[in-house]
1. Could you tell me how many of the residues in the stretch 171-224 are among the hydrophobic types (A, V, I, L, M, F, W, C), under 19 Å from the mean Cα position of the chain (by Cα) and open to solvent by 80 Å² or more (accessible area, probe 1.4 Å)?
2. With the checklist (1) in a loop (DSSP other than H, G, I, E, B); (2) in contact (Cβ under 8 Å) with a residue 60 or more places away in the chain; (3) not aromatic (Phe, Trp, Tyr) in hand, flag the one item ASP96 doesn't pass.
3. Here are some conditions: (1) open to solvent by less than 10 Å² (accessible area, probe 1.4 Å); (2) touching a Ser or Thr at 6+ places or on another chain (Cβ under 8 Å). GLY256 meets all but one. Which one does it not meet?
4. Could you grab me the full set of residues in the stretch 191-211 that are in a helix (DSSP H, G or I) and touching a helix residue (DSSP H, G or I) at 6+ places or on another chain (Cβ under 6 Å)?
5. Restricting attention to the stretch 52-62, which residues are in contact with a strand residue (DSSP E or B) (Cβ under 7 Å, 6 or more places away or on another chain) and either open to solvent by 10 Å² or more (accessible area, probe 1.4 Å) or of a type in the set (A, V, I, L, M) (or both)?
6. Inside the stretch 1-28, can you point out the residues that are closer than 20 Å to THR69 by Cβ and β-branched (Val, Ile, Thr)?
7. Residue under question is PRO241, and the condition is that it be within 18 Å of the chain's Cα centre (by Cα), under 18 Å from SER104 (Cα atoms) and open to solvent by 30 Å² or more (accessible area, probe 1.4 Å); does it hold?
Amino acid sequence: MFTEELIAVSQQPRVELFVARTPGPSHRTLLVIHGGPDWDHTYLREPLSRLAGTHRLVMPDLRGCGRSTRGLSDDQYTPDAAVDDLIVLMDTIGVDRADVLGFSYGGLLAQRLALAAPHRVRRLILASTTVEAVPADAFDDWPEAMERRTAQARVWADPLLAGPELTRAAAVAAAPADLWRHEMLPAYLRRLESVRFAAEWLRPLRAGNLPRALLEDAVPRLTALAIPTLFLHGRYDMTFPARVVQEAADTIPSAGAEILEGAGHMTHVDQPDAWLAAVSRFLFLD
């Protein structure tokens, strides 16, 4: 179903993105931007692969991630550089305008893409992400969230872990917090086994040199942009609280929100059918 290839998006420095694509009509292209950022796109293939045929899926690994170019200098890992790569990718594969789905950190990049090239984005899906900073006390009245997030914090603080091993260990430790339905945990952990974790973005992050991806003025700028936007979120997201997302959606006239019950941060794993149905409904709103 997916064809896979490396596509050059920069010459100085040389950057090639690993891109998985499915057949489908060009005017129904869905560009999917994964999160992490030191993950790859594969954890999002399901259930999105069910859209193949009605949509042309384009799922790249960001620079430094998965099977895309790694080993760049730390100053080459920035949100703006990643967005520039995606615009060049669209040019190279002949996509004038696409629907864009950004997941978690990828949602922050999706916002930047829409603002940098609004004529290239038909509809915007912000999945399990935010447009506003999460308040420091957001989880103070939610003991279960604090408890589930503790395991991941311990991994990040472990001095014996480094590189992709640290990124993978953190993802596995975070799994109980990222999912709401405990019965989905074994299948999700198997999915993580296939992810090609990196640590390219982690280096500048830990050095304090990674530019912030979240835009301070995202809400007024997205409001002015008026691109149809869907916030797709889990009710029990322990990374970005659903109430913060709902408030943002209520503020932006061109936006709406679908908050799925029985789902956490990895909403597409907790509730794959409902999540995909929400994506489909939104994409076919004309």
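The values are calculated or read from the model by the stated rules, or taken from the named source; none is laboratory data. The structure displayed is predicted, hence computed values, not measured ones. Note: ideal-geometry Cβ built from the backbone for every residue, glycine included; neighbour counts use all protein chains shown. To get the accessible areas, we keep the full protein, side chains included, count just its heavy atoms, and leave off ligands, DNA and RNA. Shrake-Rupley method; radii C 1.70, N 1.55, O 1.52, S 1.80 Å.
1. 1
2. (2)
3. Going through the list (1) open to solvent by less than 10 Å² (accessible area, probe 1.4 Å); (2) touching a Ser or Thr at 6+ places or on another chain (Cβ under 8 Å), GLY256 breaks only (1).
4. Hits for the stretch 191-211 are ARG191, LEU192, ARG203, PRO204.
5. Hits for the stretch 52-62 are ARG56, LEU57, VAL58, MET59.
6. Passing the criteria: THR3, ILE7, VAL9, VAL15, VAL19.
7. So PRO241 does not fit the description; no.
For every residue, the table says whether it meets (1) assigned to a helix (DSSP H, G or I); (2) farther than 23 Å from VAL83 by Cα.
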site	(1), (2)
MET184	yes, yes
LEU189	yes, yes
ALA213	no, no
PHE231	no, no
ASP237	no, yes
GLU247	yes, yes
GLY262	no, yes
